[in-house]
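Single-structure report; data block below.
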Amino acid sequence: MIKITGHRKNPLFSCLLLLFLVLTSACASLSKSQIKAIDSFSTSSEEFTQYPGLLFKEMAEIRMGRGLFFASSLSNPELRVEELTALLAGLANDTSLAEKTDLSMEILGKYQRALKILAGTARWQDVGVEFRSLGRNIDSLIERYNSLEIAESLPLGVGKLAGRVVGTVAESINKRNQLNAVKGFVSAADTLITSLVSDLSAIHSSPAVMALIQNEDRGLDLNYISYVKAGLSDDRGYLELRKRVEALKKMRANTVSAAKRLANSHSKIVTALADKKKIDELYEELLTLEREIITLRRIIGDIR
């Protein structure tokens, strides 16, 4: 099991207090540019959630591919069957970390969906129930994530309380109050987003994950040498796996970079909602985030 530890502050009470104060403060409208920025962030976040778990899935598939080279080099049928059985069992174990990473991305996905609903144009009577449900789901997913003990615990309460507070006034809320609620929800969630990105970056940058990638790098050559020594040949297959191994290194680095950019963008959204003069800085950050996502998309597209 890979567990990442480190010091992290958890100002959850302050975030929730801020949420309450914003919701009960004087009304203030969001500009169209601010709403557009929120939509841009949600779109980028939605695409990003597809990628972090792919690193571990890809690693598992590479291990299976190079393992087949070694299994095929065995002349003893019984040993070959044992090796193939072990490969199948290993594949299930290798994909477990991907599933855990996908869970953290599911939390991010639920959040961006809730934010989109809250900042949307649909009638509150139509979306209030779904928003409250998403709030509860966020905390439920966080509880599951924390139980896995793969990293430090994420802060609980933001999703549930935000959903309850905003949902309580959802039936009678007007457009001006709705936009105030967006500010409060984003401010309260900033700690959660920062924590998610911190954990994701720590996992992908950990020595354990780096060692796994290096192991695939060395293991591929050793397994293919055994394959060739057995009088077999699949140079095209070897080169394809070699290409995927090299892509692993880029995927890891770019995933960490994009994750940090996502957290920075979210923090700047909080600032821009409070100070409309900061909107230009926010756009620059969102454009950089979009470029990071495009780079990831190209890396993965080249090998899939």
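Within segment 39-46, not a single residue is buried (at least 20 other Cβ atoms within 10 Å of the Cβ) and at pLDDT below 90. Taken over segment 228-281, the criterion of being in a helix (DSSP H, G or I), under 30 Å from Ser75 (Cβ atoms) and of a type in the set (A, V, I, L, M) is satisfied by Val228, Leu239, Leu241, Val245. Within segment 222-264, the set of residues being within 30 Å of Thr43 (Cβ to Cβ) and of a type in the set (S, T, N, Q) comprises Asn254, Thr255, Ser257, Asn264.
Of all residues in segment 241-281, those that are free of Cβ contacts under 8 Å to residues at least 40 places away in the same chain and not basic (Lys, Arg) total 8.
Being over 23 Å from Tyr111 (Cα atoms), out of contact with any Cys (no Cβ under 8 Å at 6 or more places or on another chain), free of Cβ contacts under 8 Å to residues at least 12 places away in the same chain and of a type in the set (Asp, Glu) is a property that does not hold for Glu284. Pick from segment 282-304 the residues that are among the charged types (D, E, K, R) and in a helix (DSSP H, G or I): which of them is nearest to Pro52 (Cα to Cα)? Looking at the filtered set, the residue picked out is Arg297. Selection within segment 121-166: residues that are at pLDDT 70 or above and not in a helix (DSSP H, G or I). The member of this set that is surrounded by the fewest Cβ atoms within 10 Å (Cβ to Cβ) is Ser153.
The values are calculated or read from the model by the stated rules, or taken from the named source; none is laboratory data. Being a predicted model, the structure only gives us computed values, none of them experimental. For neighbour counting, all protein chains shown are included, and Cβ atoms are generated from backbone atoms with ideal geometry for every residue, glycine included.
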